[in-house]
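The values are calculated or read from the model by the stated rules, or taken from the named source; none is laboratory data. Predicted, not measured: the structure shown is a model, and the values here were computed from it. Cβ placement follows ideal geometry from the backbone for every residue including glycine, while neighbour counts extend to all protein chains displayed.
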(Lines give C-alpha, C1' and ligand atoms only; values in the text may rest on other atoms or scores of the structure.)
Protein backbone atom coordinates (compact mmCIF):
# COMPACT_ATOMS: atom_id res chain seq x y z
CA UNK A 1 0.00 0.00 0.00
CA UNK A 2 1.09 3.58 -0.59
CA UNK A 3 1.41 6.68 1.56
CA UNK A 4 0.41 10.08 0.18
CA UNK A 5 0.91 13.60 1.53
CA UNK A 6 -1.81 16.13 0.71
CA UNK A 7 -0.43 19.65 0.40
CA UNK A 8 -3.27 21.57 -1.28
CA UNK A 9 -6.98 21.38 -1.93
CA UNK A 10 -9.48 22.63 -4.50
CA UNK A 11 -12.90 23.70 -3.30
CA UNK A 12 -16.04 24.89 -5.06
CA UNK A 13 -18.61 26.83 -3.03
CA UNK A 14 -16.78 25.88 0.16
CA UNK A 15 -16.83 22.14 -0.59
CA UNK A 16 -13.54 20.32 -1.23
CA UNK A 17 -13.70 18.62 -4.63
CA UNK A 18 -10.10 17.49 -5.11
CA UNK A 19 -6.77 17.21 -3.31
CA UNK A 20 -3.18 17.65 -4.49
CA UNK A 21 -1.19 14.65 -3.24
CA UNK A 22 2.42 13.52 -3.46
CA UNK A 23 3.21 9.83 -3.08
CA UNK A 24 5.88 9.11 -0.48
CA UNK A 25 9.30 8.81 -2.13
CA UNK A 26 8.25 10.66 -5.29
CA UNK A 27 8.79 14.28 -6.24
CA UNK A 28 5.82 14.96 -8.50
CA UNK A 29 2.27 15.34 -7.23
CA UNK A 30 -1.10 14.68 -8.78
CA UNK A 31 -4.63 15.99 -8.47
CA UNK A 32 -7.08 13.43 -7.09
CA UNK A 33 -10.82 13.85 -6.87
CA UNK A 34 -12.28 13.55 -3.38
CA UNK A 35 -13.99 10.34 -4.52
CA UNK A 36 -10.67 8.90 -5.67
CA UNK A 37 -9.09 9.61 -2.29
CA UNK A 38 -12.04 7.99 -0.50
CA UNK A 39 -11.73 4.90 -2.74
CA UNK A 40 -7.95 4.79 -2.28
CA UNK A 41 -8.20 4.92 1.52
CA UNK A 42 -10.86 2.18 1.40
CA UNK A 43 -8.35 0.05 -0.52
CA UNK A 44 -5.78 0.50 2.25
CA UNK A 45 -3.68 3.46 1.14
CA UNK A 46 -2.80 6.11 3.73
CA UNK A 47 -3.13 9.88 3.33
CA UNK A 48 -1.79 12.67 5.52
CA UNK A 49 -2.18 16.42 5.35
CA UNK A 50 1.17 18.17 5.04
CA UNK A 51 0.67 21.89 5.73
CA UNK A 52 3.46 24.43 5.23
CA UNK A 53 3.57 24.88 9.00
CA UNK A 54 2.63 22.45 11.72
CA UNK A 55 2.61 18.69 11.90
CA UNK A 56 1.24 16.14 9.47
CA UNK A 57 -2.16 14.66 10.33
CA UNK A 58 -3.67 11.44 9.07
CA UNK A 59 -6.77 11.70 6.90
CA UNK A 60 -9.49 9.28 7.92
CA UNK A 61 -12.43 7.86 6.04
CA UNK A 62 -15.68 8.36 7.93
CA UNK A 63 -18.99 6.64 7.21
CA UNK A 64 -21.56 9.41 7.66
CA UNK A 65 -25.34 9.43 7.36
CA UNK A 66 -25.15 10.75 3.79
CA UNK A 67 -22.14 8.71 2.68
CA UNK A 68 -18.39 8.52 3.16
CA UNK A 69 -16.31 11.62 3.78
CA UNK A 70 -12.77 12.62 4.75
CA UNK A 71 -11.50 14.27 7.91
CA UNK A 72 -8.43 14.62 10.07
CA UNK A 73 -8.45 13.70 13.73
CA UNK A 74 -9.97 16.31 16.01
CA UNK A 75 -7.17 18.13 17.80
CA UNK A 76 -6.10 21.66 18.66
CA UNK A 77 -4.03 22.09 15.47
CA UNK A 78 -5.96 24.08 12.87
CA UNK A 79 -3.06 24.03 10.38
CA UNK A 80 -3.47 20.30 9.70
CA UNK A 81 -7.18 20.47 8.83
CA UNK A 82 -8.18 19.82 5.21
CA UNK A 83 -10.00 23.17 5.01
CA UNK A 84 -6.83 25.00 6.08
CA UNK A 85 -4.66 23.68 3.23
CA UNK A 86 -3.73 26.09 0.45
CA UNK A 87 -5.96 26.20 -2.62
CA UNK A 88 -4.80 25.23 -6.10
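Could you check the range 70-81 and list, in sequence order, the residues that are surrounded by 11 or more Cβ atoms within 10 Å (Cβ to Cβ), farther than 13 Å from residue 47 by Cβ and either at pLDDT 90 or above or touching a helix residue (DSSP H, G or I) at 6+ places or on another chain (Cβ under 6 Å) (or both)?
Once the filter is applied, which keeps residues that are surrounded by 11 or more Cβ atoms within 10 Å (Cβ to Cβ), farther than 13 Å from residue 47 by Cβ and either at pLDDT 90 or above or touching a helix residue (DSSP H, G or I) at 6+ places or on another chain (Cβ under 6 Å) (or both), the range 70-81 yields nothing.
Among the residues of the range 3-18, write down those that are in contact with a helix residue (DSSP H, G or I) (Cβ under 8 Å, 6 or more places away or on another chain) and either part of a loop (DSSP other than H, G, I, E, B) or under 13 Å from residue 69 (Cα atoms) (or both).
Listed by number, the residues that qualify are 16, 17, 18.
In a helix (DSSP H, G or I) and surrounded by 12 or more Cβ atoms within 10 Å (Cβ to Cβ) - does that describe any residue in the range 41-48?
Initial filter on the range 41-48 (in a helix (DSSP H, G or I)): 41-42.
Of the ones still in play, those that are also surrounded by 12 or more Cβ atoms within 10 Å (Cβ to Cβ) are 41.
Looking through the range 41-48, at least one residue is in a helix (DSSP H, G or I) and surrounded by 12 or more Cβ atoms within 10 Å (Cβ to Cβ).
Return the only residue of 38, 59 being under 10 Å from the mean Cα position of the chain (by Cα), surrounded by 13 or more Cβ atoms within 10 Å (Cβ to Cβ) and outside any strand (DSSP E or B).
Working: 59 fails: outside any strand (DSSP E or B).
The match here is 38.
Out of 86, 12, report the one residue that is in contact (Cβ under 8 Å) with a residue 12 or more places away in the chain and loosely packed, with under 13 Cβ neighbours inside 10 Å. Can you show your working first?
On the way: 12 fails: in contact (Cβ under 8 Å) with a residue 12 or more places away in the chain.
Result of the check over 86, 12: 86.
Against the definition (without any contact (Cβ under 8 Å) to a residue 60 or more places away in the chain, surrounded by 15 or more Cβ atoms within 10 Å (Cβ to Cβ) and assigned to a strand (DSSP E or B)), how does residue 31 come out, yes or no?
Numbers: without any contact (Cβ under 8 Å) to a residue 60 or more places away in the chain: yes; surrounded by 15 or more Cβ atoms within 10 Å (Cβ to Cβ): no; assigned to a strand (DSSP E or B): yes.
Taking the combined requirement at face value, the residue does not satisfy it.
In the range 19-28, what count of residues is obtained for those that are out of contact with any helix residue (DSSP H, G or I) (no Cβ under 8 Å at 6 or more places or on another chain), surrounded by 13 or more Cβ atoms within 10 Å (Cβ to Cβ) and free of Cβ contacts under 8 Å to residues at least 60 places away in the same chain? Lay out the reasoning, then the answer.
First pass over the range 19-28, keeping only residues out of contact with any helix residue (DSSP H, G or I) (no Cβ under 8 Å at 6 or more places or on another chain): 20, 22-28.
After this cut, where a residue has to be surrounded by 13 or more Cβ atoms within 10 Å (Cβ to Cβ) as well, the list is 20, 22-23.
Keeping just the survivors that are free of Cβ contacts under 8 Å to residues at least 60 places away in the same chain gives 22-23.
Selection size over the range 19-28: 2.
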